[in-house]
Amino acid sequence: MEQRFKIASHVMKNVFSCGYTEPTAIQRVGVPILAEGRDIAAISPTGTGKTLAYLLPLFSRLESPAAKSKIPEQGARGLIIAPTRELAAQIYNETLKLAQGRKWRVVLFSKATASTLKDLAVQSKVDIIISTPLRLVASIQSGELVLNNVQFLVLDEADRLLDTEFVDQIEEIVGLCTNPQCQKAVFSATLPAKAEQTVLAMLKEPIRVVVGLKDTPLPNIAQSLVYVAQPESKLPTLIQYLTSPTGYTPPIIVFTSTQARATSLLSELLIAGVKNAEVLHAGMTRHERDQCVKRMLQGEVWVLITTDVLARGMDFGGVHGVINFDWPESVQSYVHRIGRTGRAGRQGTAITYFTDEDAPYLKSIANVLLQSGQTVPEWMIKLQKPSRLKRKQMGKAQHQDTTVGHKGENVGRALAIKKKCVTSFRLWSR
Ligand code: AMP
């Protein structure tokens, strides 16, 4: 990798030992901008190396571990915010890989680490904190954590961080990074216009970088939309896919709209004899979630059923396919969900089931397919544009159904296959 600015040699050595020889597009453009001290708003498709694009300049900016500094600091110098615990943990692991060889102090913020950092002397020896917004704000508000020494702030998955659930916390965090030299980097694969306005207002003379087309998946993900008529038909369709003699290539990730539906789907798949299926959602304990991620990374999980909690940023490496069992809530959700496959230049497949209820929203996703270079039947593009109200309701229809089977009963395999007589056919695929 070409090195035109100062990144510590041990960090570069660690980059090479990860097997990276050439920077990706976002790294080629983003690293020099950040290394020159500019704020950035960067949009680049899923799986294109955004993490390294901000970690390299972050290490460059901090120069050397705080523990070595003779000048006493007041708080941590680097701060990375991500929307979910799983993503924060993944970024933490990537940061540790680059930090090897020197005494960098990197902290994944949690209840336990927060209590250690109450001591300002300890906190001031920390180089980089990685956290979700809620956990961090709780410590700030109780006066245990100071942010006025932060020199490099990253908002990863920025548009999600600006959702109503997080926006107040993010504004508070950004507002408390009062160091006039604080450089800000905002990254995402999607950034709707309104979120982009908010982001740009938070930054100082930012440079906006867009790799590829905004809100568009990479062409190496083969996307298909599968018509299943009724919600009840999704289960037999999925069971048939997972148990067909031709088989499927694991691992795959299956997205449902709610925790309850994810749990219900797992029971159904286990009854149907699907092997190595597991569920992960935000209603599980931290330990359960961590263990599931670990098993997924070790290749022990073949079918991971989850909700949008895993839709963003998670890099399970060789995920072969994504199935949207339930229609996504937005175009952004669709782009992030299917972005769990086809990462780092690999091939992937993404299948999305749609019912008659989902039909009004079909055009939005069909346009995404078209933009990413896939063929779409003309009638889908000719569909009427959904009203703003309809767009807001996108993907919400199945929220009331807590089970995925027929009228709330458990549908075993035999029954499920019998019920396959309900229309279920692949309408088109690439
Ligand atoms: P990210 O978008 O940061 O989650 O990265 C997606 C995937 O690309 C991860 O598996 C990274 O390990 C990989 N990756 C990041 N940078 C490079 C690079 N320069 N060359 C090859 N693979 C990379």
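The values are calculated or read from the model by the stated rules, or taken from the named source; none is laboratory data. Since we're looking at a predicted model, the values are computed, not measured. With ideal geometry, Cβ positions are generated from the backbone for all residues, glycine too; neighbour counts draw on all protein chains shown. All accessible areas refer to the heavy atoms of the entire protein, side chains included, with ligands and DNA or RNA removed. Shrake-Rupley method; radii C 1.70, N 1.55, O 1.52, S 1.80 Å.
The trypsin sites (Lys or Arg not before Pro) of the range 247-322 meeting both criteria, a DSSP state outside H, G, I, E and B (loop) and at most 15 other C-beta atoms within 10 angstrom of the site's C-beta, are Lys275.
Solvent-accessible area per residue for the chain at a 1.4 Å probe radius, Å²?
Values: 18700 Å² over 430 residues.
Per-residue value: 43 Å².
With each label modelled as a point 7 angstrom along the Cα→C-beta vector, the Lys396-Gln291 pair spans 3.7 nm. Between the alpha-carbon centers of the range 4-32 and the range 234-298, tell me the distance in whole angstrom. The range 4-32 and the range 234-298 have Cα centres spaced 36 Å from each other.
The distance separating the Cα centre of the range 154-188 from that of the range 120-136 comes to 15 Å.
Peptides 15-22, 80-87, 267-274: what's the order by average Cβ count within 10 Å, highest mean first? Provide the component values of the computation, followed by the final result.
On the way: 15-22: 11.5, 80-87: 24.2, 267-274: 18.4.
Listed from highest to lowest mean packing, they are 80-87, 267-274, 15-22.
Over every Cα atom in the chain, the radius of gyration and the widest Cα-Cα span, Dmax, amount to 22.4, 74 Å.
Angle of helix 193-202 to the longest C-alpha principal axis of the chain, folded into 0 to 90 degrees and rounded to 10: 10°.
Contact order normalised by length for the range 221-428, with contacts defined as Cα pairs under 8 Å and 6 or more residues apart; what percent is it?
Working: 381 pairs, mean separation 71.7, N = 208.
Rounded, it is 34 percent for the range 221-428.
Ranking Asn367, Cys182, Val211 by Cα position along the charge dipole of the chain, where only Lys, Arg, Asp and Glu carry charges on their C-beta atoms, puts Val211 farthest toward the positive end.
Each Lys and Arg adds +1 at its Cβ and each Asp and Glu adds -1 at its Cβ; summed about the Cα centre, the range 9-210 shows a dipole of about 760 debye.
Placing one equal scatterer on every Cα of the range 9-210 and applying the Debye formula, the log10 ratio I(q)/I(0) at q = 0.08, 0.09, 0.11 Å⁻¹ is -0.23, -0.30, -0.45. Placing unit charges on the Cβ atoms only, positive for Lys and Arg and negative for Asp and Glu, gives the range 221-428 a dipole magnitude near 340 debye about its Cα centre. Summary value for the chain: 18 percent relative contact order, contacts being C-alpha pairs under 8 angstrom separated by 6+ residues.
If the only charges are +1 at each Lys and Arg Cβ and -1 at each Asp and Glu Cβ, what is the size of the charge dipole of the chain around the Cα centre, to the nearest 20 debye?
Working: 52 positive and 38 negative charges, 123 e Å.
Taking the Cα centre of the chain as origin, the dipole is about 580 debye.
Stretching the chain fully between Val122 and Gln197 yields a gain of 23.3 nm (0.36 nm per residue, less the alpha carbon separation).
Pop out the carbon and sulfur fraction of the accessible area of the chain as a percent, whole number, probe 1.4 Å.
Details: 9770 of 18700 Å².
Answer for the chain: carbon and sulfur cover 52 percent of the accessible area.
Ranking Gly299, Pro251, Ile381 by how far each Cα lies toward the positive end of the dipole of the range 221-428 (charges on Cβ) leaves Ile381 at the top. Amide H contacts of Ala42 (H built 1.01 Å from N, in plane; Pro and chain starts excluded): Val186, Phe187, Ser188, Val209 sit under 5 Å, all sequence-distant by 5 or more or on other chains.
Once the Cα atoms are used to define both axes, helix 85-99 deviates from the longest principal axis of the chain by about 50 degrees. Computed from Cα atoms, the angle from the helix 50-62 axis to the main principal axis of the chain rounds to 10 degrees.
If R0 equals 25 Å, the separation of the Cβ atoms of Glu172 and Ser110 corresponds to a calculated FRET efficiency of about 0.80. Peptides 175-186, 36-47 ranked from most to least packed give 36-47, 175-186, packing being the mean of other C-beta atoms within 10 angstrom over each peptide's residues.
Of Asn148, Thr164, Leu242, which is farthest along the charge dipole of the chain in the positive direction, counting Lys and Arg as +1 and Asp and Glu as -1 at C-beta? After comparing all options, I get Leu242.
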